[in-house]
Amino acid sequence: MATARRASRPSVTADTLAAPRRNPHAPEHVKTVLSCLRTILEEEWEHLRYAVRDLDALAALGFGNEALDQLVVDHILGIA
């Protein structure tokens, strides 16, 4: 993963980040690449926060690592 980041970093410039992109939800509102990237990172951060919070809550209810792992697998498979 670190290698991929290092390989892609040199090609990102201020001009690249400032490039306009069409907003898929509101085409009349142009966004920059930086704005899009910021939105993605904020969304991922919020997902992580809620996942950690929920895992902490499940652990407090007595679910151990194996039970939590099974809940994750069941969710992925659409069983839960």
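The values are calculated or read from the model by the stated rules, or taken from the named source; none is laboratory data. Note that this is a predicted model, so its numbers are computed, not measured. For neighbour counting, all protein chains shown are included, and Cβ atoms are generated from backbone atoms with ideal geometry for every residue, glycine included.
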>> Anything in region 26-48 that is farther than 18 Å from Val12 by Cβ and of a type in the set (A, V, I, L, M)? List them, or say none.
In response: Ala26, Val30, Leu48
> Can you pull out the helices (runs of 4 or more DSSP H) entirely within the chain that have at least 1 residues that are out of contact with any helix residue (DSSP H, G or I) (no Cβ under 8 Å at 6 or more places or on another chain) and modelled with pLDDT of 80 or more?
Replying inline: 14-18, 33-60, 65-77
